[in-house]
Amino acid sequence: MSKEEKRQITEIPIGPYHPLQEEPEFFRLKVEGEKVVGLDIEIGYNHRGIEKLAESKHYDQVLFLVERICGICSTSHPFAYVNCVEEICGLDIPLRAKYIRSIVGEMERIHSHMLWLGLAGHFLGYNTVWMWCWKYREPLLELCEKLFGNRQHYAMMKIGGVRRDIDNAGGSAFCREMNLLLPKLDMLQKAIEDDPVLRARLKIAGTLPKKEAVSFCAVGPMARASGIDIDVRRDEPYAAYSMVDWTVPVRTEGDVYAKTMIRLEEMRQSVLIIKQCAEALKKAKGDISVQIKEVPPGEGIGRHEAPRGEVFHYIKSRGGTVPYRHKIRAPSYMNVFTNEYAVVGGTIPDAAITLAAVDPCYCCTERMQAVDGAGRQVYTSKQLIDICREKTFSMKRGKNK
Amino acid sequence: MIIFEYFFYPGILFALVVSLAVSWIDRKVSALVQWRVGPPVMQPVYDLIKLMKKETLIPSGASPVVFLLAPAFSFAALGLVSLILFNSNLYASGFIGDILVVVYLLVVPVFSLIMAGASSANPLASLGASREMKTALSYELPFILALGVVIIKTGGALDIGEIISVQRLSGPVIYSLSGIIAFAVVILCFQAKMMQVPFDISEAEQEIMGGAIIEYSGPPLGFFVVSRWMLMALLPLLAVILFMGGIGSFTGVIKYIAVLVIAILIKNTNPRLRINQTLRLFWGPVTLAAAAGVLLALLGL
């Protein structure tokens, strides 16, 4: 014990306000010199009562509510939610809607992983990677705006189908954009594999062995980088995922390097899925949604493999127009705590990138800022929405797709 | 006369103007590498004016005298370095300054940062100070060995004016094998001295939020920021003096900007190293390369 007391332990706070993670999470690193000997995680700064709110809203309104849980996973939660409600109703959605749903889900995965890759570069002090990744992400978001109506929060999901159709020209636009994306992904992968400095920083850092990953219930890329072969899209197929060819990348190292490589490979698989879905969409005729009269009493589970892992929605219905109980489990909730194992024993710089490698959710989809002064116009929220719509329509009109 | 030279031309004021320009070049080139537009020319000036107008906060528990003197020391020492380096370029003869004095003066900013970190009463600041100390320990040895190459190649010249005039007469040091090795070593060491990626471990914004300067605000922070910009302006100049015969004409300016751009490109194409990796890099391969450079120089290569 006396030896224990002699150790000079300093506390390094990361969060709730910290340049590393601009979101309300608090990591209390206990360090001895540069070595991390302990970690306390505090979350729950941003409780918004979404589950309770859902109990007071109509099933269609809940869809928009769950879309606002996260800015980046703005399709994952609605995706899981519609899966859930459709299970209660025992509904089978039209083929066309299945393909469109898969396209939306995979577009989100690509842009989310791209965002993560850029941020990972930033956390390593490699701002060039940051800017380049986000530049490559931009055409994808613009494509989303053109075809789904918005860069984020597309509101494509609907109980019983999808809200907007993608025509043949739209499908071709997806194929074209994906073909343009592949060489960029190759370039990024090569850059990461060949850079000795990057490898020196990422290898071994924040290793999470399979055993620990299982006991922390890690999901998504975190689990797959530690050798756990899980993916909801394959294990319990929904939408069009069982109708197209793709594989689930798995690595066994469990370090940050493996997590990076898994995400790069997943983007490549998403490109494959989108291309196949877009082709199939041209042949699939029919409606994009079915009418649904009411949700019968019962229980349902909806799952979706979000970019960060499995999103889980549970709904208990007692008939009527509102859910009786709505339970949500987001992937970050499981993944963040793996840090307790992965960070301890490493150094502070390793801790910074390991904490970020979990890819906790960010809500950062602010689009525009109006500045007062110097005779400039100040926009009201109504005007901002109008400007936003105008831009989207002009994008749709000009060079259509 | 010497007071005028120290405070105005080519001392503090001149160095300030040059470093503002250099910092703009840094930001503009970084922006171009990163597909951004970059700031307007006057941006560093605006930043500096803004900092000077802000309030100075001294954390309770900090030692105010050390806390406030640290940035002043850093700034004053770099003003003197600027005086010596620019004067040597202008006159290139007679005794103006000794290379050893410059080496000593260039350590002062490091010490002021350590002082700043140690007096801030903040765990992150003391961590930054300890990292800064380790970084300085790692790069000083290869840097001085590489200086040895220059001194040997210029026939034992220690005076900067002499180093320049010898090179102008008999060709720059970099035209030899040992000169190239020493130049590469010096560029790496300067990257660490300038606290740029991959060696900006002591201030690592994403890990320890600025390290030693975390508690600084207002004018003291302004002096630290200007010190960094001045380092960024003066170290490429020193490299040009040591290896390419200084800035005598227009081509000299181009050489200077080329060295500066090399440093900026290194910064923009690398992630940050860990402190143990930095130590291993500088004490291992870099020191060995510098020692090999000295041997080659002794052999006359």
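Read-outs: derived from the displayed coordinates by stated rules, not from any lab. Just so we're clear, the structure is a prediction, and the values are computed from it rather than from any experiment. Cβ sites come from the backbone with ideal geometry, for glycine too, and all protein chains shown count toward neighbours.
Taking amide H positions as placed in the peptide plane 1.01 Å from N, state which residues far from A:Glu299 in sequence (5 or more) or on other chains have amide H under 5 Å from it.
A:Ser317
Who wins for biggest fluctuation among A:Lys184, A:Lys293, A:Lys203 in a Gaussian network model of chain A, springs between alpha carbons below 10 Å?
Sorting by GNM fluctuation, first place goes to A:Lys293.
Who wins for biggest fluctuation among A:Ile273, A:Ile100, A:Ile41 in a Gaussian network model of chain A, springs between alpha carbons below 10 Å?
Sorting by GNM fluctuation, first place goes to A:Ile41.
Please find the FRET efficiency linking B:Ala184 to B:Ile254, where r is the Cβ-Cβ separation and R0 is fixed at 22 Å, and quote it to the nearest 0.05.
After rounding to 0.05, the efficiency reads 0.65.
Quick check on the exposure proxy: order A:Met261, B:Met230 from fewest to most C-beta atoms within 10 angstrom.
So the residues, fewest neighbours to most, are A:Met261, B:Met230.
Would you mind ranking B:Trp24, A:Trp116 by Cβ crowding within 10 Å, fewest neighbours first?
Final ranking by Cβ density, sparse to dense: B:Trp24, A:Trp116.
Using each residue's phi in region B:185-195, evaluate 6.51 cos²θ - 1.76 cosθ + 1.60 at θ = phi - 60° and report the 3J(HN,Hα) Karplus result to the nearest Hz, with x for Gly and Pro.
4, 5, 4, 5, 5, 5, 4, 6, 5, 7, 6
Exposure proxy check: A:Cys84, A:Cys175 ranked by fewest other beta carbons within 10 Å?
So the residues, fewest neighbours to most, are A:Cys175, A:Cys84.
Please give the average number of partner chain Cβ atoms lying within 10 Å of the Cβ of each residue in A:344-350, rounded to a whole number.
Taking the mean over all residues of the peptide, I get 4.
Convert each backbone phi in region A:147-156 into a coupling constant with the Karplus relation 6.51 cos²θ - 1.76 cosθ + 1.60 (shift: θ = phi - 60°), then list the ³J(HN,Hα) values in order as whole Hz, x for Gly and Pro.
Result, ordered by residue: 9, 9, x, 7, 6, 10, 6, 6, 6, 7 Hz.
Between A:Gly161 and residues 5 or more places away or on another chain, which pairs have amide H atoms under 5 Å apart, with H built 1.01 Å from N, and which residues are they?
Amide H to amide H, under 5 Å and 5 or more residues apart or across chains, A:Gly161 pairs with A:Val290.
Which value, in debye to the nearest 20, gives the size of the charge dipole of chain B about its Cα centre, when Lys and Arg are +1 and Asp and Glu are -1 at the Cβ?
580
Rg(Cα) of region A:50-328 divided by 2.2 N^0.38 Å?
1.02
In Å and whole numbers, how far do the C-alpha atoms of region B:35-109 stretch along each principal axis, longest first?
Principal-axis extents of region B:35-109 (Cα, largest first): 47, 41, 23 Å.
For the residue pair A:Phe64 and B:Phe111, what label-to-label distance in nm results when each label sits 7 Å from Cα along the Cα-to-beta-carbon direction?
Using points 7 Å along Cα→Cβ, the separation is 6.6 nm.
Any idea what the alpha-carbon Rg over 2.2 N^0.38 Å comes to for the protein assembly as shown?
Normalised by 2.2 N^0.38 Å, the Cα Rg of the protein assembly as shown equals 1.11.
Angle, helix B:64-91 long axis vs. longest principal axis of chain B, Cα atoms, 0 to 90°, nearest 10?
Roughly 30 degrees, rounded to the nearest 10.
Using only Cα atoms, find the angle between the long axis of helix A:95-123 and the longest principal axis of chain A, and express it within 0 to 90 degrees, rounded to the nearest 10.
It is inclined by approximately 30 degrees.
To the nearest 10 degrees, how steep is helix B:43-53 against the longest Cα principal axis of chain B, on a 0 to 90 scale?
50
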